[in-house]
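The values are calculated or read from the model by the stated rules, or taken from the named source; none is laboratory data. This structure is a prediction, so every number in the text was calculated from the model and none was measured. Backbone-built Cβ (ideal geometry, glycine too); neighbour counts: all protein chains shown. Only protein heavy atoms, including side chains, enter the accessible area calculation; ligands, DNA and RNA are left aside. Shrake-Rupley method; radii C 1.70, N 1.55, O 1.52, S 1.80 Å.
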Amino acid sequence: MRRLALLPLLAAAPVMAQDAAPDTRTFQPPAGCTAYLTVQMASCTVSHHFTCESDPEGWQRRVDMDEGGVTYFGAIDAQTQWLESYHVMSDHSERLSPDPADPADFDTLTSTGLDTFDFRTDSPEIGGARYVGQDRLTGDTVTIDGVTLERTEYEMTSYDAQGNEVWRSAGNEFISRDWRMFLSGTGSTVVGEEVAESDDSPVEFIFPDERGFLSVSPKHGCGAVMSRFDTPLMSEPEDRG
């Protein structure tokens, strides 16, 4: 199995002039790719969303960064299926396996209010995994930094190749119909008898030509004590956006 197509993004590390101030450094997408959105999140993370000319229609890519640099690369399709991802901290990649039993379907979620999913991924580093769960629209909308989003509830369980539960997670996220993406919110993840809480909610949306677009510096929640696991969570769900 080839290494993920996302890995060339490693060459697109944040670039800056040698004498640039820290808050002026910017992430530069690879050649042929166009960034359209930067999201500053509550978890001391900044995400950059972009599309690439060489990708199939409907694909979107995302790079997450914390104070130490890039932490995640990911790609989704028009139905928000996780296609491929690379987790920098654990140095492992994942790719969607063919013919999911129940593919994630953004259109089903937005038209019926509920979408279930059951799919597998393959990883050269950690082997196969299965993800089973659902997303449900709560009917609530919220406006964050001038952007109106719809709130969701999610449940998800991860299993290893032998069918053993690795972790399970539940919480609330957001979707944007215009961008056809999920945005993280609050959640709880259970690994064995341990529970970790997270808040990756968006705080600011920054567009091209606005100050802070493509900044590599997260702004919110930095220095806070976070109860997190170093587990191969693909989202955000991640957020599937």
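I'm told Ser184 meets every condition in (1) in contact with a Pro (Cβ under 9 Å, 6 or more places away or on another chain); (2) modelled with pLDDT under 95 except one. Can you identify the failing condition by its number?
Of the numbered conditions (1) in contact with a Pro (Cβ under 9 Å, 6 or more places away or on another chain); (2) modelled with pLDDT under 95, the odd one out for Ser184 is (2).
Is one or more of the residues making up the range 145-164 out of contact with any strand residue (DSSP E or B) (no Cβ under 9 Å at 6 or more places or on another chain) and not in a strand (DSSP E or B)?
Yes, the range 145-164 contains a residue that is out of contact with any strand residue (DSSP E or B) (no Cβ under 9 Å at 6 or more places or on another chain) and not in a strand (DSSP E or B).
Is at least one residue of the range 23-37 assigned to a helix (DSSP H, G or I) and at pLDDT below 95?
yes
Can you name the strands (runs of 3 or more DSSP E) wholly within the range 165-223 that have at least 2 residues being under 20 Å from Ile76 (Cα atoms)? I'd like the intermediate steps shown before the answer.
Values: elements: 165-176, 181-191, 194-199, 202-206.
Passing ranges, in order: 165-176, 181-191, 202-206.
In the range 125-136, how many residues are over 15 Å from Trp82 (Cα atoms) and either among the hydroxyl-bearing types (Ser, Thr, Tyr) or buried (at least 16 other Cβ atoms within 10 Å of the Cβ) (or both)?
Step one: filter the range 125-136 for residues over 15 Å from Trp82 (Cα atoms), giving 125-127, 136.
Remaining after also requiring either among the hydroxyl-bearing types (Ser, Thr, Tyr) or buried (at least 16 other Cβ atoms within 10 Å of the Cβ) (or both): 126, 136.
Adding up the residues that qualify gives 2.
How do the pairs read when you match residues in the range 123-147 that are closer than 18 Å to Thr186 by Cβ with residues anywhere that are outside any strand (DSSP E or B), using Cβ under 6 Å and keeping only pairs 6 or more apart or on different chains?
Asp135/Leu109; Leu137/Gly113
Which of the residues that make up the range 91-138 are modelled with pLDDT of 95 or more, of a type in the set (Val, Ile, Thr) and in contact with an Asp or Glu (Cβ under 9 Å, 6 or more places away or on another chain)?
Thr108, Thr110, Thr116, Thr121, Val132, Thr138 - these are the residues of the range 91-138 that are modelled with pLDDT of 95 or more, of a type in the set (Val, Ile, Thr) and in contact with an Asp or Glu (Cβ under 9 Å, 6 or more places away or on another chain).
Could you check the range 52-70 and list, in sequence order, the residues that are assigned to a loop (DSSP other than H, G, I, E, B), touching a residue at least 12 places away in the same chain (Cβ under 8 Å) and of a type outside the set (Asp, Glu)?
Ser54, Pro56, Gly58, Trp59
Among the residues of the range 71-94, write down those that are surrounded by fewer than 22 Cβ atoms within 10 Å (Cβ to Cβ), part of a strand (DSSP E or B), out of contact with any Leu (no Cβ under 6 Å at 6 or more places or on another chain) and touching a residue at least 60 places away in the same chain (Cβ under 8 Å).
Selection gives His92 alone.
Which residues, taken from the range 97-124, are touching a Ser or Thr at 6+ places or on another chain (Cβ under 7 Å) and either open to solvent by 40 Å² or more (accessible area, probe 1.4 Å) or closer than 20 Å to Trp179 by Cβ (or both)?
Answer for the range 97-124, where residues must be touching a Ser or Thr at 6+ places or on another chain (Cβ under 7 Å) and either open to solvent by 40 Å² or more (accessible area, probe 1.4 Å) or closer than 20 Å to Trp179 by Cβ (or both): Asp102, Ala104, Phe106, Asp115, Arg120, Asp122, Pro124.
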